[in-house]
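Engineer: Got a structure here, written out as structure tokens. Questions coming.
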Amino acid sequence: MTTPVRVRAKISALGTYVPPKLLTNADLEKMVDTSNDWILARVGIHERHIVEKGVATSDLAVEAAKKALAQRGLAASDIDAIIVGTVTPDMFFPSTACLVQHKLGAQGVWGFDLSAACSAFIFAVNTGAQFIASGTHKRVLVIGADVMSSIIDYTDRATCVIFGDGAGAVILEPAEDDSVGLIDFINEIDGSGGCFLQMPGGGSLNPSTRETVDKKMHYVHQDGQQVFKFAVRKQTEACLKLLERNGLTGADIDAFIPHQANLRIINATAERLGLRPESVIVNIERYGNTTAGTIPLAMNTAIEDGKLKKGSLVLMASVGAGFTVGATLLRWAF
Ligand code: UT7
């Protein structure tokens, strides 16, 4: 019996998109009992982008995907599969992947949505990489996109200051050799934390009724402190395990690209991992928490800041509702 050939997947292109409309801390000060100082000190956000009415997750996803395809000089029909990580699909069904496929005009592909909240982009990259590794697919379009403003209660100061809308897309292709591409990952889910961050209404347990709407069950509900503690502990744990089993330390990382949920979570994780401060990629001040969009948006910031080059050693990390935990080690390919 021969050992199957495992092909390493690489990220060959990146595209991102945020809607033009800004929601600043000054705007929020007029909407709820909050302050610019509190938001900056406790979360690290200055402004976030939100959609106009009628713009959905698939619209953001398509804009990001078009940029990624253009960067690589590919047509939509060159793609084999589309994976959309999102917690705010346009609707329950059809999947956002189907809507994106149609809007892109990507003929003959298949695809699906992946639900892992803030870890969705990492989970989707690691999933797509398996299709490349098995040799069954040559080009997988992986998108992380969320319109969080569609499920936020803008009278609840505990959640409305945190989130924004945004999307990012990458193309996964086989790496020519082991000098670039995905090296290793650790993903984990822990449903015991489900109650700490959830949207309880609208599903099969609590189908939408006037009562569920009156009780605001169609909005994000979060116990921030519980999520914060879990995020720091598990993100650190997953990253340390990943570094250790690959014979690396935090100081070896060129770009740490974490989910952007709270600047204090990022700093606490970075300190525990022993990362070089200049390797930590942060853009939460501009976008807030865009859920599945944060990591590709942060990749784009890293490129703009000259911190991602061919061969750079990258560590991505996330914790999200579920709980979901993701950490991925890779070498940047372009
Ligand atoms: O991406 C998915 C994963 N999500 C996360 O990772 C989120 C993790 N959690 C967090 O980032 C933080 O817990 C929050 C940003 C959500 C909250 O920050 P915190 O420092 O944990 O605040 P807290 O909930 O402990 O509240 C501290 C105080 C409270 O007032 P008292 O009781 O001390 O008088 C809150 O009522 O801050 C108050 N507060 C606010 N004040 C002004 C809560 N929200 C606000 C606000 N503006 N927006």
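Engineer: Is any helix in the chain, taking whole DSSP H runs, at least 20 angstrom long along its axis by alpha carbon and on average at least -1.0 on the Kyte-Doolittle scale, and which ones?
Structural biologist: Span-like helices in the chain: 57-72, 120-134, 224-245.
Engineer: Could you order F123, F92, F334, F196 by accessible surface area, starting with the largest, using a probe radius of 1.4 Å? Numbers along the way, then the final one.
Structural biologist: Numbers: F123 30, F92 160, F334 75, F196 55 Å².
Order by accessible area, largest first: F92, F334, F196, F123.
Engineer: Further question: How big is the Rg/Rh ratio for segment 181-331, C-alpha atoms only, Rh by Kirkwood, two decimals?
Structural biologist: Computed over Cα atoms, the ratio is 1.04.
Engineer: Provide the per residue accessible area, probe 1.4 Å, for segment 181-331, rounded to a whole number of square angstrom.
Structural biologist: I get 43 Å² per residue for segment 181-331.
Engineer: Of S208, S119, which has the most accessible area with a 1.4 Å probe, and how do the rest follow in descending order?
Structural biologist: On the way: S208 85, S119 0 Å².
Most to least solvent-accessible, the answer reads S208, S119.
Engineer: Mean projection of the alpha-carbon convex hull of segment 9-174 over all orientations, in nm²?
Structural biologist: Working: hull surface 39.0 nm².
If I average the Cα hull's projected area over directions, I get 9.8 nm².
Engineer: Express the accessible area of segment 93-173 per residue in Å², computed with a 1.4 Å probe while the remaining protein chains stay in the model.
Structural biologist: Per residue, segment 93-173 has 32 Å² of solvent-accessible surface.
Engineer: How big is the accessible area of C195 in square angstrom, nearest 10, if you roll a 1.4 angstrom probe over the protein chains?
Structural biologist: Ignoring ligands and nucleic acids, C195 comes out at about 80 Å².
Engineer: Right, something else. Are there any trypsin sites (Lys or Arg not before Pro) in segment 39-135 that are in a DSSP loop and have at most 14 other Cβ atoms within 10 Å? List them by number.
Structural biologist: Those that pass, being in a loop and sparsely packed, are K53.
Engineer: Also, I was wondering about something else. Compare T86, T127, T236 in a GNM of the chain, Cα atoms joined below 10 Å, and give the one with the largest fluctuation.
Structural biologist: Highest fluctuation among the options: T127.
Engineer: Just to verify a number: what accessible area does E47 come out at with the full protein assembly present, 1.4 Å probe, Å² rounded to tens?
Structural biologist: 40 Å²
Engineer: Moving on. Can you give me the Cα centroid spacing of segment 48-109 and segment 311-327 in angstrom?
Structural biologist: 22 Å
Engineer: Under the rule a/c < 1.5 gives rounded, and otherwise a/b versus b/c splits prolate from oblate, where does segment 94-154 land using the Cα gyration tensor?
Structural biologist: Cα axes put segment 94-154 in the oblate bin.
Engineer: Normalised by the residues of segment 1-154, what does the relative contact order come to in percent, with Cα pairs under 8 Å and at least six apart?
Structural biologist: It rounds to 29 percent for segment 1-154.
Engineer: Something else now. Could you list, bin by bin from short to long, the percent of Cα-Cα pairs of the chain in 10 Å steps?
Structural biologist: P(r) for the chain, in whole percents per bin: 6, 27, 36, 23, 7, 1, 0.
Engineer: At a 1.4 Å probe, what is the % contribution of carbon and sulfur to the accessible area of the chain?
Structural biologist: Its accessible area is 54 percent carbon and sulfur atoms.
Engineer: Identify which of K309, K241, K215 has the largest mean-square fluctuation in a Gaussian network model of the chain, with springs joining Cα atoms closer than 10 Å.
Structural biologist: Highest fluctuation among the options: K215.
Engineer: Still on this structure, I have one more. Which GluC sites (Glu not before Pro) in segment 109-217 pass both tests, a DSSP loop state and at most 13 other beta-carbon atoms within 10 Å?
Structural biologist: E176
Engineer: Taking 8 Å as the Cα distance limit and 6 or more residues as the minimum spacing, I'd like the relative contact order of the chain as a percentage.
Structural biologist: 25 percent
Engineer: How would Y17, Y287 rank on accessible area, largest to smallest, probe 1.4 Å?
Structural biologist: Working: Y17 60, Y287 35 Å².
Greatest to least solvent exposure: Y17, Y287.
Engineer: Using a 1.4 Å probe on the protein heavy atoms only, what accessible surface does T136 show? Give it in Å² to the nearest 10.
Structural biologist: 90 Å²
The values are calculated or read from the model by the stated rules, or taken from the named source; none is laboratory data. All values reported here derive from a predicted model rather than from experimental measurement. Cβ coordinates were reconstructed from backbone atoms using ideal geometry, including for glycine residues, and neighbour counts include every protein chain displayed. Please note that ligands, DNA and RNA were not included when accessible areas were found on the heavy atoms of the full protein model with its side chains. Shrake-Rupley method; radii C 1.70, N 1.55, O 1.52, S 1.80 Å.
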